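The values are calculated or read from the model by the stated rules, or taken from the named source; none is laboratory data. Note that the coordinates shown come from a computational prediction; the quantities given were computed from them, not determined experimentally. Positions of Cβ are backbone-derived with ideal geometry, glycine not excepted, and every protein chain shown enters the neighbour counts. Remember, those area values only see protein heavy atoms, side chains included, never the ligands or the DNA or RNA. Shrake-Rupley method; radii C 1.70, N 1.55, O 1.52, S 1.80 Å.
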Amino acid sequence: RVSSNQKDMNIMTTPETHFLGIDGFRFKHMREVGTVCAELADRLFGWDESKCRQMFLLGYIHDIGYQYSTDQLEHEAIGGAILADAGFQFADAVRDHGNPDVFPMSPELLILNIADMSVNRYGERVSFEDRLADISSRYGEESVQYVKAAELVHNINDELRMLGKSL
């Protein structure tokens, strides 16, 4: 079944479609982003256990769009559309993660962006600088991926300063 949001984005689920999918490394990345999200929810905002679990789920499924994406740059929109159709409370955060033009960020989106930029493609925790270096080595410093990621890190740091919080 193709949802109305998916139809609007021209997503077809035919056997001929070659989706990027979610491999073992992506799965590890998603799981660790979920773990970091739960930790940040507690450490940055002092949220209760229930909300921390919700943040784990947000991080765990943030890259679900790769399963139905043929282009890396559209996985956020596809994931957000799939989750919105399912009634997921934080579908907007999935849709907006990695987008430096969303400023200011909701607390949930801030947590997700911090976590996503703190876990490399292998599911290992890294510094923002190491994550940016990895993106640069794979795509180049002039790439859309790197430029967006670098601006996002800058915005994350600005958000944290505005909130009076630090990592």
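Collect the residues in region 147-167 that are among the small types (Gly, Ala, Ser) and part of a helix (DSSP H, G or I), keeping them in residue-number order. Selection gives Ala149, Ala150.
Taking the options Ala81, Ala93, Ala115, Ala149, name whichever one is surrounded by 19 or more Cβ atoms within 10 Å (Cβ to Cβ), touching a helix residue (DSSP H, G or I) at 6+ places or on another chain (Cβ under 6 Å), modelled with pLDDT of 95 or more and more than 19 Å from Val33 (Cβ to Cβ). Walk me through it before giving the result.
Numbers: Ala93 fails: more than 19 Å from Val33 (Cβ to Cβ); Ala115 fails: more than 19 Å from Val33 (Cβ to Cβ); Ala149 fails: more than 19 Å from Val33 (Cβ to Cβ).
Only one candidate qualifies: Ala81.
Annotation note: Cβ proximity below 9 Å between a residue of region 32-55 that is touching a residue at least 60 places away in the same chain (Cβ under 8 Å) and a residue that is crowded, with 19+ Cβ neighbours inside 10 Å and basic (Lys, Arg) (sequence gap 6+ or interchain) occurs for no pair. Could you grab the pairs with beta carbons closer than 9 Å, sequence gap of 6+ or different chains, first residue in region 63-74 and part of a helix (DSSP H, G or I), second one of a type in the set (Ser, Thr, Tyr) and open to solvent by 60 Å² or more (accessible area, probe 1.4 Å)? Matching pairs, first to second residue: Tyr68/Thr13.
Looking at Arg131, is it closer than 18 Å to Glu76 by Cα and charged (D, E, K, R)? Explain how you work it out, then say what you get.
Numbers: closer than 18 Å to Glu76 by Cα: no; charged (D, E, K, R): yes.
No.
Only one entry of Val144, Val102, Val126 meets the criterion of being under 16 Å from Leu40 (Cβ atoms) and among the β-branched types (Val, Ile, Thr), and that entry is Val126.
Tell me whether region 137-146 contains one or more residues that are assigned to a loop (DSSP other than H, G, I, E, B), touching a Lys or Arg at 6+ places or on another chain (Cβ under 8 Å), touching a residue at least 12 places away in the same chain (Cβ under 8 Å) and open to solvent by 30 Å² or more (accessible area, probe 1.4 Å). So far as region 137-146 goes, no, none of its residues is assigned to a loop (DSSP other than H, G, I, E, B), touching a Lys or Arg at 6+ places or on another chain (Cβ under 8 Å), touching a residue at least 12 places away in the same chain (Cβ under 8 Å) and open to solvent by 30 Å² or more (accessible area, probe 1.4 Å). Residues in region 126-136 that are exposed (fewer than 14 other Cβ atoms within 10 Å of the Cβ) and either among the polar types (S, T, N, Q) or touching a helix residue (DSSP H, G or I) at 6+ places or on another chain (Cβ under 8 Å) (or both): Ser127 only. Being crowded, with 17+ Cβ neighbours inside 10 Å and free of Cβ contacts under 8 Å to residues at least 24 places away in the same chain is the filter here; which residues of region 96-110 pass it? Within region 96-110, Asp96, Val102, Leu109 qualify.
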